[in-house]
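Working notes for the structure below.
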Amino acid sequence: MKLKDLEIGSVVKDSANSLTFLVAAQDHPGYGGTTLFAQKIVELGCLDGAEPDAVKDGVFHQRCLYGYNDYAASNVHQWLNGIGPDWFRPAHPKDEPPALPYTRYQEVAYQTRDGFLTGFSPRFREALLEVQVPYLKMTRKDAGELAYVPAKVFLPSRTELGKGNEHGIAEGEMFPLSYDPTSYKTTLTEELLKFYGRKINPERESAHYDAAQIYDPKWGWWYWVRTANMAYDFLNRVASAYGALSYTYANNDSVGIRPVLNLDGELEVVSNGKFEEVFTLC
C-alpha cells in the first residue's frame, strides 16, 4: 500500500523512531503529497526567545521582553527543520536562541536539543516535500499581510485547524482531519514526560519518579499555532486540546510543539495488522 492511499486519520510512523503522525490531508492545496500532523507533542518550548536588543516601542512592540511572532524568523521554525546540534542561526541581527535566559518561565530551553529531523531515517528525510508555507506577517498595529516561508516541517495555522482566519486572511486551507474534533486532543510523548520529569497520570507505572503534577490528561496540553497576533508583535496563537484558540507570549516555554509535514505519497507503507493500526514507512 502507498501513503497516498491511506484514509484521513490513519496513523503513520517512520521506521527509525516511535513518533506517530495522523494523515491530515491527501494532495492538499498548496502542499501536495500526504500531509501528516504529529499525533502527540514532540517538544515543549517557546515559539521564539526574547530579543533584549530589540527596541521597545510602547505596549505593542515588546520583542525585547517576550520574543517575536514573525513565524519565518522564529526559533521553532529553525528547530523543526534542523538536523543535529548546530541548527540555530540568527534569523536577523536582534535574534536570540531559545535558551533559558530568553524564555518566559526559564524552565524549558530546546536550544540544547538536536534539531527535530535528527532522529528520522534517511528515507523519511529524503521523502519530505519542501513547500511554501503561508503565514500572517504583522506589518503595523492591527494590520498584516500573507507571506510565505519555505519549509519541510512547520506548525499548523489557525485556518488549517478549521478555526477561521485571523483578520480575515486565510493561511492555507482547512485540513480534512480538522473536521474530527478528537484530532485536537493531544498529550506529550512518554519520552518527553520522562525527559522533563512530568506526569500525565498518577496511576502510570512511572508515576513514582515523576515530578509534581503540572498537567491533567483530561484536558490535554496547549500547543503552538503559527498564526500571529496582529496588534502585538510578541503574542501568538495557541490551540487547546478541544480546539479552542488563545494567545500567549512568543517566549512562553511551557507550550507544546506539534508539527505538520508533507511526504511523497508514493512511499510504500506496511500495516502492523493490529486493531490499533499503525502504518510504517518501508
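Considering every residue within the range 93-105, establish whether at least one is surrounded by 15 or more Cβ atoms within 10 Å (Cβ to Cβ), among the hydroxyl-bearing types (Ser, Thr, Tyr) and over 25 Å from Pro134 (Cα atoms). Within the range 93-105, one or more residues are surrounded by 15 or more Cβ atoms within 10 Å (Cβ to Cβ), among the hydroxyl-bearing types (Ser, Thr, Tyr) and over 25 Å from Pro134 (Cα atoms). Scanning the range 21-32 finds no residues that are touching a helix residue (DSSP H, G or I) at 6+ places or on another chain (Cβ under 7 Å), within 19 Å of Asp253 (Cβ to Cβ) and not aromatic (Phe, Trp, Tyr).
Among what's in the range 234-251 and is in contact with a Lys or Arg (Cβ under 7 Å, 6 or more places away or on another chain) and buried (at least 23 other Cβ atoms within 10 Å of the Cβ), pick the residue that is nearest to Gln39 (Cα to Cα). Only one residue fits best here, namely Arg237. The condition of being touching a strand residue (DSSP E or B) at 6+ places or on another chain (Cβ under 6 Å) and either over 23 Å from Gly67 (Cα atoms) or free of Cβ contacts under 8 Å to residues at least 24 places away in the same chain (or both) holds for Ala127. Entry remark, the range 22-61: residues being within 12 Å of the chain's Cα centre (by Cα) and part of a strand (DSSP E or B) number 6 in total. All of (1) under 20 Å from the mean Cα position of the chain (by Cα); (2) surrounded by 14 or more Cβ atoms within 10 Å (Cβ to Cβ); (3) farther than 19 Å from Ser157 by Cβ; (4) modelled with pLDDT of 80 or more hold for Thr182 with one exception: (2). Taken together, Pro93, Pro134 contain a single residue that is farther than 17 Å from Gly256 by Cβ, modelled with pLDDT of 90 or more and out of contact with any strand residue (DSSP E or B) (no Cβ under 6 Å at 6 or more places or on another chain), which is Pro93.
The values are calculated or read from the model by the stated rules, or taken from the named source; none is laboratory data. Everything numeric here is computed off the predicted structure, so don't read it as measured data. Ideal geometry is used to build each Cβ from the backbone, glycine not excepted, and the neighbour counts take in all protein chains shown.
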